[in-house]
Structure formats: structure tokens, C-alpha cells
1. Using Cα-Cα distances under 8 Å and only pairs 6 or more residues apart, what relative contact order does region 294-414 have, in percent?
2. When 356, 90 are ordered from fewest to most other Cβ atoms inside 10 Å of their Cβ, what list results?
3. If we count other beta carbons within 10 Å of each Cβ, what is the order of 165, 410, fewest first?
4. Give the order of 179, 159 when sorted by the count of other beta carbons within 10 angstrom, beginning with the fewest.
5. Quick one: angle between helix 158-178 and the longest Cα principal axis of the chain, in degrees between 0 and 90, rounded to 10, please.
6. How high is the relative contact order of the chain, in percent, with contacts defined as C-alpha pairs under 8 Å that are six or more residues apart?
7. In nm, to one decimal, how far is the modelled label at residue 156 from the one at residue 401, with both set 7 Å along Cα→Cβ?
8. What are the extents of the Cα atoms of the chain along their three principal axes, listed from largest to smallest and rounded to whole Å?
């Protein structure tokens with residue numbers, strides 16, 4: 001048996017919803033991400049893990065600071081130094097901004113760090129673990145321009161271009177599969193979006209740029225396991241072969257509020273025959289939750305004679321969760337009672353929260369398309385933004401998503 005720990009999408013360097021830690025000089029949110037990674041490393045060292053598959057996006061940016069590189073390298077060194085093989089796949093956040101520059105994880109390959117393997121192209125590497133070899137087929141982040149030259153795309157429609165891209169993708173993966181030794185366990189490590197995946201908070205941020213991979217391209221019985229990265233939402237997309245998105249270790253924003261965070265541990269059975277996987281056995285796996293920072297939305301309908309009391313009661317009901325949570329408070333109130341809300345009392349009630357992301361008011365007006373008795377100058381930026389979306393008759397589910405991103409941009413602009 002070979003035990004694999006599958007993770008990725010660390011995005012080290014995320015600082016939103018944090019404050020400076022005077023002891024380290026880093027954002028407390030960076031501390032959150034490092035703590036989750038430490039938890040993973042500790043588990044790997046204590047649980048006979050043979051191979052750690054890190055499926056891309058080590059850092060938030062393509063040019064991480066030396067401090068972030070140092071902290072990431074320290075943890076990789078702990079794993080490799082204990083004899084655990086570490087496979088680092090290049091994700092879209094790891095790629096350089098210009099052709100010819102190094103990826104953010106290439107230094108491990110350049111220094112030839114023992115037990116560390118780096119993959120920045122489609123290839124097959126034999127990774128040696130304490131319990132034998134594993135063939136790892138790598139499918140790093142692949143852009144359209146990488147798969148298709150300008151000459152090949154010239155004069156073709158978007159549909160024709162997409163068809164060529166998918167054909168090339170299928171061909172390169174099929175070529176790697178044909179080279180596999182059927183007597184040695186084989187896994188596919190990919191940083192990509194697979195057709196039909198459930199997105200997390202990323203909400204297809206790279207829509208129009210990323211290549212959506214058909215399931216048939218990667219779900220091949222030649223693989224004992226398919227380890228996927230890029231999507232932050234943990235999910236199993238296939239049982240035969242077993243294919244899983246481990247998801248991210250920490251929540252990035254409120255779009256991931258209700259998502260479990262953690263990593264996947266897989267036990268690969270030995271291949272007893274040269275004809276394929278171990279007697280048709282399906283690998284056993286478990287999802288291990290990580291110590292992820294909680295995000296908490298408190299919604300309260302405060303359209304009462306004493307709206308402040310209604311808000312304070314809603315906050316008190318979540319008292320046990322406030323201390324360790326990034327909190328946003330959403331208050332619904334009528335225009336005639338809005339002036340009764342005591343902001344100072346609400347801020348005091350929220351003082352024990354780890355971080356207060358926003359306190360917003362949805363003011364119910366008889367005619368939402370009008371400003372009523374208030375001028376635009378009397379509104380907060382958040383209120384003005386919400387009013388704009390309401391006048392545009394934005395659907396409710398879309399409205400809340402847009403407001404989440406709008407509030408974040410407003411908050412960052414005012415820091």
C-alpha cells in the first residue's frame with residue numbers, strides 16, 4: 001500500500017480580512033494559511049504518508065515575496081527531510097508573467113532538492129516513495145496559447161479553436177497513458193477545470209481563458225487515482241477511477257463560507273498483476289478537515305420598533321462563533337426606522353469578532369428606483385451600490401454575489 005496525501009491551492013499570501021501580527025510582521029491571515037499547512041505537514045509526518053501531491057497554486061501571486069517563499073520551503077523541507085516524496089504541480093498562480101521567467105516553485109527543481117519533484121509540463125515522472133515507485137502523469141495549468149499557436153488558430157471560429165484545443169489535450173494525455181508501465185501504480189495530477197465541476201468562490205474568474213477538460217480525457221482506468229487542483233470546493237467527480245478535487249485549506253472569502261476545507265488521504269492498493277490496477281480494487285480515501293478560519297454572515301430583519309435590539313439579539317445568538325470568525329452583518333430595515341439604529345452599540349457588540357468585514361443595511365423603500373428623501377451624498381458607498389443594482393432590477397441571487405465583491409473593493413479602496 002502507498003499512502004498519498006493530496007492537497008493544493010494554498011494561495012499563500014492572501015491577506016484579506018486580517019491585520020498585522022506584531023510578532024511576525026505578517027498578516028494574521030497569512031498565519032491562518034501557514035497554520036493549516038503546518039497541520040497538514042504534522043499529519044503527514046505522523047501518519048506514514050509516502051507521497052504528498054500538491055496540485056498547484058502555492059502562492060496568491062506569480063511573484064511571491066521572499067518571505068512567503070521561505071515559509072513554503074520550510075514546510076516542504078520538513079516533508080522531504082523525513083523521506084516523504086513531494087510532487088509540486090504548477091498551477092495558474094505559479095506561472096510567470098513573461099515567457100522565459102521561472103515558475104514560483106521551479107527553485108526546488110533547480111536545486112535538485114532530494115525527494116521533491118516539480119512538474120511544469122505534461123509528462124510522466126516516476127516518483128520513488130518508501131513503499132515503491134508511483135508513476136505520476138502531470139497536467140499543469142494549460143492556457144489556450146500554450147496548446148495552440150497563432151498560425152493554427154488563424155481564420156478559425158471560436159468553436160473550431162476550442163475543438164482543436166480539446167483534441168490536442170486528449171492526444172497529449174493519451175500519449176502519456178500509452179507509456180505507462182501497467183505493473184506500477186499510476187496517478188494523474190492535474191490543475192484544471194473539469195467539465196461539470198461545481199465551482200467554489202472563484203466563480204469562473206478565468207471564464208473565456210481556461211480550458212475546460214472533458215471528463216473522458218482524464219478519467220481513464222489506467223489511473224489508480226486522479227488528483228485535481230484549481231477548484232477550491234472539495235468534491236469527488238468520479239469513483240471509477242477515483243477522481244477528487246481536494247479543495248483549498250483555508251476559506252478565501254464569503255463565497256466559501258459554507259464549504260468544508262481540508263485535504264484528502266488516499267491509500268493505493270498494490271498492483272499484483274501487470275494487467276492493471278490491484279485486482280480491480282478501488283483506493284480507500286478520506287477527507288480530513290483543516291483548521292480553517294470561519295466566515296460568518298449574520299442576517300437580521302430589524303424592521304421593528306426597536307431595530308437596534310433586534311440586531312443585538314441576532315449578534316448575541318452567534319456569540320460563541322464570533323471570536324474566531326470573519327463576520328459580516330446584513331441588516332434589513334425600512335427607511336422610516338433606519339434612523340433608530342444605533343451604530344455605536346452594534347460596533348461594540350461586534351468587538352470580540354476576529355474581523356468585521358462589513359456592516360451593511362438594506363433599506364426597504366416604497367419605490368426602490370428612487371432616492372426618496374435622501375440624496376446620493378447622504379448614502380454610504382455600499383448603500384449607493386446596492387441601490388444601483390436594485391434600479392437595474394438585478395436578480396436577488398446575483399445581487400448578493402455582486403454586493404459581496406463590491407463591498408470588498410470598497411473596503412480595500414478605503415484602507
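The numbers here are math on the coordinates, done by the rules we state, and not lab data. Computed from a predicted structure; not experimentally measured. Using ideal geometry, Cβ is built from the backbone for each residue, glycine included, and neighbour counts are taken over all protein chains shown.
1. Details: 150 pairs, mean separation 27.2, N = 121.
Worked out over region 294-414, it gives 22 percent.
2. Values: 356 17, 90 24.
Least crowded to most crowded, the residues run 356, 90.
3. Numbers: 165 21, 410 15.
Taking fewest neighbouring Cβ atoms as first place, the list is 410, 165.
4. Values: 179 10, 159 7.
Result, fewest neighbours first: 159, 179.
5. Its long axis makes an angle of about 40 degrees.
6. Details: 811 pairs, mean separation 54.4, N = 415.
In percent, rounded to a whole number, it is 13.
7. Computed distance between label sites residue 156 and residue 401 equals 3.0 nm.
8. Each principal axis gives a Cα extent; for the chain these are 77, 56, 41 Å.
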